[in-house]
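Take a look at the structure set out below.
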Amino acid sequence: MKRTTEWIIEKLIFISGIGSIVFVALIFFFLLKEGLSLFASVNVFSFLFGVNWYPISEPPQFGILPLILGSLLVTLGAVVIAVPLGIASALYVAEVAPKWLSEILKSGIELLAAIPSIVLGFIGIATLAPFLKNVFNLPSGLTALAGSIMLAFMAMPTIVSIIEDSINSVPRSYREGSLALGATRWQTIYRVILPAASSGILAAIMLGIGRVIGETMAVLMITGNAAILPTSILQPVRTLTATIAAEMGEAVSGSEHYFALFAIGIVLFVISFIINLVADFFMNRNKKRNKKK
Amino acid sequence: MIDSKLKEKAAFAILLAATIIVIAPVALILAIILINGLPALSFEFLFSIPRDGMRGGGIFPALVGTFYLIVGTALFAIPFGILAAIYLNEYAQRNRLTRAIELAIINLSGVPSIVYGLFGLSLFVEFLGFGASILAGSLTLAIMTLPVIITATREALSAVPRSFREVSFSLGASRWQTVRGVVLPNAIPGILTGTILGLSRAAGETAPILFTVAAFYLPKLPTSVYDQAMALPYHIYVLSTQVPNVSVKVQYGTVLVLVGMIFILNIVASYIRSYFRKKKTW
């Protein structure tokens, strides 16, 4: 009797264990199931590189290039802002700040991670957008730049905590060696610790990008939502994620529009899959490198 | 020499400035939410239904909906996540299958939240015929929360010293008996902390529930798992973008309730962590 229950439990454990693989497969399968139906009537090339996203005009046009470029522009802006700030604050928290201060700073970053994206989007509309509107004298502050600033901020917890981990995993002997040779703390950080943690930093940047590209609600609320080819960072744009969130409610189940939104989902899934694989590669390299010596 | 000392001072000042740029907005945001949200809080606001096209009244249905979604998510994600972590930490060999599971978990945690929404819509709402419902929304949120729970549980399990297991095995206990009697009890604080954090994140998610459960406005509370429900995050979205002329007070009040709820869960989680860390003797 006892044997049987144990046998059943161990089977359950195994099934749950491989569950994650099953779920990833299911997600991909169901995205394909709906999304691929679009390509019965629209060819892949005009989907990916078409410049017009008019899903409900007659005839509809499903070109997602403006959305891809919208996502890229917002992401690029966010990376430009977030990477230097992220590296600098991770260095400050891990290497410079006294222990009590670094604990407080870390809790602050954890707090930021806990704030839901919808709340940040709401605050962004109320504070950041009017601020940008005044500074740049724009008709509306809801622009790609607002999205980039918001997303840079939202990616910060991911970027800072992973960089901090990789700085902490740099062997102590590296620091001691450098300081013993008469280098200042800053020289040690700049010449020894940063290079040793470089793989971890790359992983952090990749995961930050993944976070930014996939972010939906805050971006939907703050980028102004215009599905046009972006020409400036001070213009409203529309991202891949925001398009799905904004339009799925109106798309009739089984219509071309519905399939097209799932096809966008496939694009997002593939992007995030690649980003995570690359990040994982850097993460493992970081671990191996700093273990060997 | 003086030059390099000076450089160090300048560099550290820049690092400090960057850190302030990152942290100061967090404090500012929380202050804005508190100052604008507190005046809205009242018994009536929490426990009555929205009125006047959601410009007045309270947020009770959204509060209840979010509560149901958290419970539903917990029911699916906790057992599944803990068992999966037990498999990875206690049973799995270092082989290709394990590596594949690890990669799958990493990818699950990286899938954009709106893609979870699409997946939930096509599998639970349409294919399995649950309709937009608490059941479909909870399942979607649960799958999204799994990686958090698995990772936290795995860490908690691997923190239990190997010698504990060896003693149990040497007394003739089977692997499962060892897991249940020795490893799990010692890992519970870590599991609890991770689980609460995962659920608190699920509570604030909007994109996965947009098409799987969230209702714009429901005057009555849901009565079965097949009913739609209002939810706090979606309610914030509706109040700030879909309904014109909602008073700032109502908007910030709703935001404060959601953020307050999430912070309370986070505080509970870190209290559990520090309480048991102090008690720990190994």
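Just so it is clear, none of the values below were taken in a lab; they were calculated from the coordinates. This one's a predicted model, so the numbers in the text were calculated from it and none came from an experiment. Every residue, glycine among them, receives a Cβ derived from its backbone with ideal geometry; neighbour counts consider all protein chains shown.
Rounded, prolate or oblate, given the Cα gyration tensor of the protein assembly as shown, with a/c below 1.5 counting as rounded? Walk me through the numbers on the way to the answer.
Values: a/c = 1.43, a/b = 1.12, b/c = 1.28.
Because its axes are fairly even, with a/c under 1.5, the protein assembly as shown counts as rounded.
Listed by chain and number, the aspartates and glutamates whose alpha-carbon sits under 17 Å from that of B:Lys249, ignoring those within fewer than 8 places in the same chain, are B:Glu44, B:Asp52.
Between segment B:113-163 and segment B:192-253, what is the C-alpha centre distance in whole Å? A separation of 18 Å, based on Cα centres.
Using a 10 Å Cβ count of at most 13 others and DSSP loop calls, identify the longest part of chain B lacking such trypsin sites (Lys or Arg not before Pro). Mind dumping the intermediate values first?
On the way: sites that count: B:Arg94, B:Lys220, B:Lys280.
Free of exposed loop sites, the longest segment is B:95-219.
What aspartates and glutamates sit close enough to A:Lys11 to cross-link, taking a C-alpha to C-alpha distance under 17 Å and skipping anything fewer than 8 places away on the same chain? Within the straight-line limit of under 17 Å, A:Lys11 reaches these aspartates and glutamates: B:Glu90. For segment B:76-158, the alpha carbon positions stretch 40, 21, 19 Å along the principal axes, listed from largest to smallest.
Projecting label points 7 angstrom from Cα along Cα→Cβ for A:Glu110 and B:Leu75 puts them 3.1 nm apart. Spacing of the modelled spin labels on A:Lys33 and B:Ser4, each 7 Å from Cα toward Cβ, amounts to 6.4 nm.
Which of A:Lys106/B:Lys9; A:Lys33/A:Lys287; A:Lys99/A:Lys287; A:Lys99/B:Lys5 have a Cα-Cα distance over 27 Å? Flagged as over cut-off: A:Lys33/A:Lys287.
For segment A:213-286, GluC sites (Glu not before Pro) meeting the loop criterion (DSSP other than H, G, I, E, B) and having at most 15 other Cβ atoms within 10 Å: A:Glu250. For segment A:44-292, the convex hull drawn through the C-alpha positions has a volume of 146 cubic angstrom per residue.
Cα centroids of segment B:257-271 and segment A:1-62: 33 Å apart. Structure remark: mean-square fluctuation, Gaussian network model of chain B, C-alpha springs under 10 Å; the largest value among B:Pro147, B:Pro189, B:Pro244 belongs to B:Pro244. Considering only the Cα atoms of segment B:1-124, their convex hull presents on average a projected area of 16.1 nm². If you run the Gaussian network model on chain A, springs between alpha carbon atoms under 10 Å, then out of A:Leu31, A:Leu181, A:Leu194 the most flexible one is A:Leu181. Amide H to amide H distances under 5 Å link A:Trp53 with A:Gly63, where only residues 5 or more positions off or on other chains count and H is placed in the peptide plane.
A simple spin-label model places pseudo-atoms 7 Å from Cα toward Cβ; at B:Ser247 and A:Leu101 they are separated by 4.4 nm. Top mean-square fluctuation among B:Pro25, B:Pro39, B:Pro185, Gaussian network model of chain B, C-alpha springs under 10 Å? Its mean-square fluctuation being the largest, the pick is B:Pro25.
Between B:Gly57 and B:Arg51, the built amide H atoms are under 5 Å apart, and every one of these is 5 or more places off in sequence or on another chain. The spacing between segment A:264-287 and segment A:112-166, judged by their C-alpha centroids, is 23 Å.
DSSP loop (so not H, G, I, E, B), at most 10 other Cβ within 10 Å: list which GluC sites (Glu not before Pro) in segment B:40-119 pass both filters.
Details: sites: B:Glu44, B:Glu90, B:Glu102; in loops: none.
For GluC sites (Glu not before Pro) across segment B:40-119 that sit outside H, G, I, E and B with at most 10 neighbouring Cβ atoms in 10 Å, the list is empty.
With coordinates expressed along the principal axes, the C-alpha atoms belonging to chain B extend over 70, 69, 35 Å, beginning with the largest.
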